[in-house]
Amino acid sequence: MTTTQAILLAIIEGLTEFLPISSTGHMIIGTSLLGLQPDEFVKMFTVNIQFGAILSVVVLYWKRFFQSLDFYYKLIIAFIPAAIFGGLLHKQIDELLGSVETVAVALLLGGIVLMFVDKYFAANEKQPEKNISYLSSLIIGFFQVISMIPGVSRSGATIVGGLSQKLSRKQAAEFSFFLAVPTMAAATCFELLKNYKMIDSSNIKLLLIGNVVAFIVALIAIKAFIGILNKYGFKYFGIYRIIIGGTIIILLAMKINLAVL
């Protein structure tokens, strides 16, 4: 992996991590377009730079992380399902991380779901913001488990989970951001511990560059996402997913190698 490839992947990560369009799916597509083989370091890199992205949440919402212990209890409860299923299904998930076909289908189906989300949960926007209960936190956590399939989108799944608990779009999105912190921190630490032997001086440089770029881009993306969500809802994200997923399916059906595009 070159420095340029690392920067491009980090930009993709920062732009897509908190949008309901699947950062993992876009990273898999990105590595394919860049001609990178999904070897152990590439997989570790794509997971590790999520740490830079989650730091942007801590910086933007730092006051929320000092509000109460109840805030952390709810995040822990929401994190538990992903921790359990992630540990049990780690090998299967790891195998899917190189599957562009899985990503394409998940993007397409997820896009169709997002086309109807605004209308289905329209009543949420007319109600005052509610306090997120422990049960609601757990249910949102189970929605997050679905996002272990590459292309589904962690933020998309958890936001829909929040909407199902009668949260507003903004409140559901922000809880999704907060839940990303323990979830992605755990994934990053797991990958580092598993693959620490392959880290050398050149790899450390790529990881540092990737995290810094992902952090900066994610700061911008989060602010933009909240504005777009409040004004337009999920419809355009759904259209984007359908276009990207459908295009990839067509290219794969035509047996066109994405790496040569």
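Read-outs throughout are calculated quantities, based only on the coordinates presented, and are distinct from any laboratory measurement. Computed from a prediction, not measured in an experiment: that's the story for all the values here. Don't worry about glycine lacking a Cβ; one is built from the backbone with ideal geometry, like all the others, and counts go over all protein chains shown.
Can you work out the Karplus-derived ³J(HN,Hα) for every residue in the range 215-230? Use 6.51 cos²θ - 1.76 cosθ + 1.60 with θ = phi - 60°, whole Hz, and x for glycine or proline.
Those phi angles translate into 4, 5, 5, 5, 4, 5, 5, 5, 4, 5, 4, 4, x, 5, 5, 5 Hz.
R0 = 45 Å: FRET efficiency of S201 with E129, Cβ-based, nearest 0.05?
Using R0 = 45 Å, I get an efficiency of 0.40.
Using only DSSP helix segments of four residues or longer, with each worth -39500 (n - 2.57), what per-residue ellipticity at 222 nm results for the chain after dividing by its residue count and rounding to 500?
Roughly -25000 deg cm²/dmol at 222 nm, from the helical runs in the chain.
Hey, rough spin-label estimate for T3 and E95, points 7 angstrom out along Cα→Cβ, what's it come to in nanometres?
Roughly 3.9 nm, to one decimal.
Identify all lysines with a Cα-Cα distance to K223 below 20 Å; exclude those on the same chain that are fewer than 8 residues away in sequence.
Output for K223: K63, K170, K231, K235.
Any idea what the dipole of the range 3-260 comes to, in debye rounded to 20, about its Cα centre with Lys/Arg Cβ at +1 and Asp/Glu Cβ at -1? Let's see the in-between values first.
Details: 20 positive and 14 negative charges, 138 e Å.
In debye, rounded to 20, the range 3-260 gives about 660.
Full extension from K231 to Y73: what is 0.36 nm times the residue separation minus their Cα-Cα distance, to one decimal in nm?
Once the chain is fully extended between K231 and Y73, it gains 53.7 nm.
For the chain, what is the convex hull volume of its Cα atoms per residue in Å³? Walk me through the numbers on the way to the answer.
Working: hull volume 30.8 nm³, N = 261.
It comes to 118 Å³ per residue, whole-number rounded.
Hey, in the GNM for the chain with a 10 angstrom Cα cutoff, which one of S56, S201, S155 fluctuates hardest?
S201
Quick one: compute a quarter of the convex hull surface over the Cα atoms of the range 208-261 and quote it in nm².
Taking a quarter of the hull surface, the average projection is 5.3 nm².
If you average the sequence gap of Cα pairs under 8 Å that are 6 or more apart and divide by the length of the chain, what percent do you get for the contact order?
39 percent
For K63 paired with L88, estimate the spin-label separation in nm (one decimal), with each label point 7 Å from Cα along the Cα-to-Cβ line.
Taking the two extended label points, one gets 4.1 nm.
Gaussian network model of the chain, Cα springs within a sub-10 Å range: biggest mean-square fluctuation belongs to which of N131, N203, N211?
Among N131, N203, N211, the largest mean-square fluctuation in the Gaussian network model of the chain belongs to N131.
Treating only the Cβ atoms of Lys and Arg (+1) and Asp and Glu (-1) as charged, compute the dipole magnitude of the range 124-260 about its Cα centre; round to the nearest 20 debye.
So the magnitude is around 280 debye.
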